[in-house]
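Below is one structure, written out as structure tokens; comments come after it.
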Amino acid sequence: MKFSSLYIAFFMLLSFGLYGQSNILNASVPEQIGVKNIDQLQSDLDSYLEYEFIDDRDILWSKIVYEKIDLNERLNFPLLFPIDDDLYENTRKSLWRVLKENILNGNITKIYSDVNDNFRYPLTPEAVKDIVATQVDYGDGELIPKEIGSDDITGYRIKGMWYFDKRRGELMYRLLGIMPIGEDLKNLDGDEEKKTNLFWIWYPSIREILHKELVFNDTSNANQISFDQLLLSRRFSSYIYKEDNIYGDRSISQYKNKGLESILESERIKKEILDFEQDLWNR
């Protein structure tokens, strides 16, 4: 545990020293570090690539899958860190901080209840803000303001569709929804934190927001990508916990034991999807 804490602290300090150092080679004084020139500001105006229109008649095959992204896995650290939302101000943000800020200021509105993963039950802005930030009674009768921070988020659930576009002749993936998994402010039991599914967000509606926020690249600071690019290019580790099926979208845990059996079933579904394209050309 002590080693883990030291590792996280080292990771954050290293990130703070290297991230957001635009114009560092051209700065004549330290105050110019991070101040972008005209060309850099112009490049930031580049818009994201919108999803192209896909005619239903061009879809030869498709499958909707539900996956979980565990933020404890090293490959997913760019989505988790930094967990101290106050330390970095606007120089670097976690995915949750980006989502929370834009939810609270009204930029993200296509938010739906977690009781259904088909985006059938929209939440009002007031209901969403009450989930993200509220007043909590820790047992002494005193209401204390509390917001869900980046360190309260343990993972994300995502919903997406794999489909074969017969016009382009290739297997494609489209992300449809994302759900943070975090602290349940309404059901705190003393100091015990309870994790729950917060809400679904319709992903196409937040792509422009995520395109403007860059992700830390621990391989090279010169090659930064946005959160939107990271998620669409699937630069994360995840496992499938459910797929559309004849049984009413039953989850893997309903017919497989937890642990190895569930993992093997998840990998079987992944292989089935990726093998479809190869099998198609071999027929």
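At-a-glance table
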item	result
Answer residue from region 47-62, given it is acidic (Asp, Glu) and out of contact with any Asp or Glu (no Cβ under 6 Å at 6 or more places or on another chain) and is modelled with the lowest pLDDT among those	GLU50
Selection count, region 221-236, where residues are farther than 21 Å from TYR51 by Cβ and either exposed (fewer than 14 other Cβ atoms within 10 Å of the Cβ) or of a type in the set (Lys, Arg) (or both)	2
Qualifying residue in region 29-43 (condition: modelled with pLDDT of 85 or more and assigned to a loop (DSSP other than H, G, I, E, B))	no
Selection status of ASP218, out of contact with any strand residue (DSSP E or B) (no Cβ under 9 Å at 6 or more places or on another chain) and either surrounded by 12 or more Cβ atoms within 10 Å (Cβ to Cβ) or not in a strand (DSSP E or B) (or both)	yes
Residues within region 75-98 that are of a type in the set (Ser, Thr, Tyr) and more than 11 Å from the chain's Cα centre (by Cα), tallied	2
Residue match in region 226-248 (condition: over 30 Å from ILE59 (Cα atoms) and either β-branched (Val, Ile, Thr) or touching a Ser or Thr at 6+ places or on another chain (Cβ under 6 Å) (or both))	no
Region 169-203 - residue that is charged (D, E, K, R) and within 17 Å of ILE273 (Cβ to Cβ) and, of those, modelled with the lowest pLDDT	GLU170
From LEU210, LEU175, LEU198, residue being more than 18 Å from ASN116 (Cα to Cα) and either crowded, with 17+ Cβ neighbours inside 10 Å or more than 22 Å from the chain's Cα centre (by Cα) (or both)	LEU210
Residue, farthest from ARG250 (Cα to Cα), within region 108-124, restricted to residues that are under 19 Å from the mean Cα position of the chain (by Cα) and in a strand (DSSP E or B)	ILE111
Yes/no for GLU272 being in contact with a helix residue (DSSP H, G or I) (Cβ under 9 Å, 6 or more places away or on another chain), assigned by TED's automatic domain parsing to the domain that holds PHE81 and not β-branched (Val, Ile, Thr)	no
Close pairs from region 259-283: first under 19 Å from TYR163 (Cβ atoms), partner loosely packed, with under 12 Cβ neighbours inside 10 Å, Cβ under 8 Å, at least 6 apart	GLU277/GLU170
The lone exception for LEU104 - which of (1) loosely packed, with under 15 Cβ neighbours inside 10 Å; (2) of a type outside the set (Phe, Trp, Tyr); (3) at pLDDT below 95 it fails	(1)
Test: residue in region 251-270 that is of a type in the set (S, T, N, Q) and outside any helix (DSSP H, G or I)	yes
Residues (β-branched (Val, Ile, Thr) and closer than 21 Å to GLY177 by Cβ) located in region 68-90	ILE69
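The values are calculated or read from the model by the stated rules, or taken from the named source; none is laboratory data. Predicted model, so just to flag it, every value in this text is computed and none were measured. Note: ideal-geometry Cβ built from the backbone for every residue, glycine included; neighbour counts use all protein chains shown.
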